[in-house]
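A short write-up of the structure that comes next.
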Amino acid sequence: MTNGRRDYKREDAWDANHKTRKKDRAQRNAARAIIAKKKGVSPTSIKGDVGHKTAVSRGGKNTLSNLFVQSPSTNRSFARNPNGSMKSERSKRER
């Protein structure tokens, strides 16, 4: 609030970003549930992150053939552009 007035434009931008983050979280939870069902364990007992062979941002899907479990350091080590998108599918370690 600036000078006693609501900034509706800023609120709308926040709402749009919040909905996107909520959708992304739902996709991650769904991927974890798919892997857990395959292994016959609870989603919280999976050690590590669920990775995608082809990233969702690059057209990958949450199908069992595109998912695998990997260590968090490996999954979160991709180079990023200033807007947050990936520069490459291959991490520095894989090069």
Relative contact order, percent, segment 8-75 [alpha-carbon distance under 8 Å, six or more residues apart]: 27
Fraction in percent of alpha-carbon pairs per bin - 5 Å, segment 8-75: 3, 16, 22, 22, 14, 9, 7, 5, 2, 0
Pairs beyond 24 Å (Cα-Cα), from Lys37/Lys87; Lys9/Lys87; Lys61/Lys87; Lys39/Lys87; Lys39/Lys61: Lys37/Lys87; Lys9/Lys87; Lys39/Lys87
Local electrostatic count, Lys22, Cβ distance below 12 Å [Lys/Arg +1, Asp/Glu -1]: +3
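A short reminder: the numbers here are calculations on the coordinates, not readings from a lab. All values derive from a computational prediction rather than experimental measurement. Cβ atoms come from the backbone with ideal geometry, glycine included; neighbour counts cover every protein chain shown.
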